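The values are calculated or read from the model by the stated rules, or taken from the named source; none is laboratory data. Keep in mind it's a predicted model, so treat the numbers as computed, not measured. Positions of Cβ are generated from backbone atoms using ideal geometry, with glycine treated the same way; all protein chains shown enter the neighbour counts.
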Amino acid sequence: MKAAMFTLFTIFVLLAAATTAAAQAQVFVPGNASGFFGNPADIPVPFVPAITVSGPGWITVAYVSGTVSDCCGDSNVGPNGTTWTMDGAQMPLQEATGVVVTAVKNLDALIGVFVPQSTVQRKGFRALDGTKAITHVGIMPNGLFFIGTGKTFWVGQAGTLFLGINDFAVGDNGGGFNVNVAVTGP
């Protein structure tokens, strides 16, 4: 009897240890949440905090519904954005690489950035471009990445995923994207 109970207890412990930690959230990303990234940026609307993780894990972002409206190009754009021609400016993803281009891919697309917990918890942190004098502690553009209809990626530390829109002039934007964000741990 003791051996059978010990075996059941051992199996229970092993199953509990093998189960991954999981969290899920539904998030709305407004069409004007540019984080004040890009040059020249018009209004400082912070990125949206999507999910916070306490340690290493996989984060999956999946588009559910919605479009972003804009003054130029296509009037209603999905999460992959659209191509737009411009001169002498940078969208947030182009600021991330330090490139100025004339044909912008992914205008108004869904983008994100993972910010370590140590940065998010610093006094004065705001989910805005940290290279501009609009926040004491902010987000560096080189961390921005394209999400579009979906993306799964690994994070090796505690922190927060922030979501936004790839546009520098968002004062005339409307709509937004509904997304599911899920975390699974090791």
Within 20 Å of residue 169 (Cα to Cα) and in a strand (DSSP E or B): is that true of residue 106 in this structure? yes
Residues 3, 22: which one is surrounded by fewer than 14 Cβ atoms within 10 Å (Cβ to Cβ), at pLDDT below 95 and closer than 26 Å to residue 152 by Cβ? 22
In segment 123-163, which residues are in contact with a helix residue (DSSP H, G or I) (Cβ under 7 Å, 6 or more places away or on another chain) and in a strand (DSSP E or B)? 125, 129, 137, 146, 159, 160
Across segment 131-150, the tally of residues that are surrounded by fewer than 16 Cβ atoms within 10 Å (Cβ to Cβ) and touching a residue at least 60 places away in the same chain (Cβ under 8 Å) stands at 4
